[in-house]
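Asker: The structure follows.
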Amino acid sequence: MKSATRVLALITFTLSVVLAGITPASATTAQTVELAAPAGSGLPPYVAVIKPVTAKRLASSWREGCPVGPDQLRLISLNFVGFDGAVHRGELIVNADRATEVAHVFADLYFGRFPIQRMETVEKYNSDDDASMAANNTSAFNCRPITGGTAWSNHSYGRAIDINTVQNPYISRSGTVYPPNGAPYVDRTQNVPGMIHAGDATDQAFTTRGWTWGGFWETPIDYQHFEKP
């Protein structure tokens, strides 16, 4: 009876994985999330590939003493729609326990044609958060303190993501805007491509899965930031 129960459980798990469009993987191999585009969308299928990551690949974004090791992180390569309306491939590094969920969040953004200017891992900017923000780069993992503090940021755990950092700036307690070229977008009555608004599809893609949006904070306000510690 126990053997039959195990077989039934395995069949149920396998079926649920297939229906979700996920190819499962171990901690040392790749996992693929592939979802068909809605009929008439004009988009190719959404494909996200989740892979283990090494210290060498993390480069300057990780060092000994960071709160998580490379084995606890995953690299996601995924489709996104750019500001030019075309489909591009981007990369995010997130915590292993958030990777599949993040892949599905960005599937929602992709099918909703939410535009993202660029999506590169932060070592491309020497892991300088200011440089990454100024480039309007969407990114996740970066082993660094919270802005203006000394405690580890949730980015250091791969459990925070910043999106379109220019159109969605960070406003410090003193009123300083980061990045500076995000100042024209402090006025949230605007409706410009790549901007996130309370209750919109981007907000919902994250918050319905238990993520918190920094745009709801009183001070500082972090319009670019979603986190799930």
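Asker: If you stretched the chain out fully between SER172 and GLN204, how much longer would it get, using 0.36 nm times the residue separation minus the C-alpha to C-alpha distance?
Answerer: Length gained between SER172 and GLN204: 9.1 nm.
Asker: ILE171: net charge of surrounding residues, Cβ under 11 Å, Lys/Arg +1, Asp/Glu -1, itself excluded?
Answerer: That works out to 0.
Asker: Right, something else. Show me, for the range 107-117, the HN-Hα J-couplings you get by feeding each phi into the Karplus relation (A = 6.51, B = -1.76, C = 1.60, θ = phi - 60°), rounded to Hz, glycine and proline as x.
Answerer: 5, 4, 5, 5, 5, x, 6, 5, x, 10, 6
Asker: Out of ILE50, ILE146, ILE76, any idea which swings most in a Gaussian network model of the chain, alpha carbons joined below 10 Å?
Answerer: Judging by the Gaussian network model, the answer is ILE146.
Asker: Continuing with the same structure: Computed over the Cα atoms of the range 21-227, what is the convex hull's projected area averaged over all directions, in nm²?
Answerer: 11.2 nm²
Asker: While we're looking at this one, here's another question. Taking only the alpha-carbon atoms of the range 121-229, what semi-axes of the equivalent ellipsoid follow from 5 times the gyration tensor eigenvalues under a square root, in whole Å, largest first?
Answerer: 19, 17, 14
Asker: Arrange the following residues from fewest to most other Cβ atoms within 10 Å of their Cβ: SER139, SER132.
Answerer: Ascending Cβ contact count within 10 Å gives the list SER132, SER139.
Asker: At a Förster distance of 22 Å, what's the computed FRET efficiency of ALA86 paired with GLN190, Cβ-Cβ distance as r, to 0.05?
Answerer: 0.40
Read the figures in this text as sums done on the coordinates, not as results from a lab. Being a predicted model, the structure only gives us computed values, none of them experimental. Ideal geometry is used to build each Cβ from the backbone, glycine not excepted, and the neighbour counts take in all protein chains shown.
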